[in-house]
Amino acid sequence: MNPAYVDILVSFSLVILTISLLLFVSSVFPMLMQAARTLLAYEKLANTLDTEVPATLQEFKQLAESVNALRRDTTQKVTDVGHKVEEVSGSIGLVAEEAKRKSSVWGTALLAGLRSYLSSKDSEERHPETRQITTDRGEQNVR
């Protein structure tokens, strides 16, 4: 092969290689810039997390303690209400028993009065001469 042709071929190859290298660098350059911006954003995020996370964890700890205190108070109140309901239930049971006893006494008294009344009617029918005695208590002098 002729050395002049080889020089032209090598020169042409170097020009193509240079153009390819320029195209490659021009396409990689925006990616390198984006990578730099991404790393900068990551650094800012890391700094923000370093300052915010401890404060957030402290607030979360306080919130958890408040929730636990509220749960403890609620449990105590529910227990107290349960005891009050038991007391009220016991009181209602006692009142119901007392009402039952008193209604039994009233029923017995009513039944005795009815029997007495009926027996007096029966007695009047057998002994018509029996009269009711009235007592003057002085009502005519009351104004």
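Does the stretch 119-134 contain any residue that is surrounded by 10 or more Cβ atoms within 10 Å (Cβ to Cβ), at pLDDT 75 or above and over 45 Å from the mean Cα position of the chain (by Cα)? Within the stretch 119-134, one or more residues are surrounded by 10 or more Cβ atoms within 10 Å (Cβ to Cβ), at pLDDT 75 or above and over 45 Å from the mean Cα position of the chain (by Cα). Confirm whether L22 is free of Cβ contacts under 8 Å to residues at least 24 places away in the same chain and within 41 Å of the chain's Cα centre (by Cα). The answer is no for L22.
The values are calculated or read from the model by the stated rules, or taken from the named source; none is laboratory data. If you're wondering where the values come from, they're calculated on a predicted model, not measured in any experiment. Quick reminder, even Gly has a Cβ in these numbers, built from the backbone with ideal geometry, and neighbours come from all protein chains shown.
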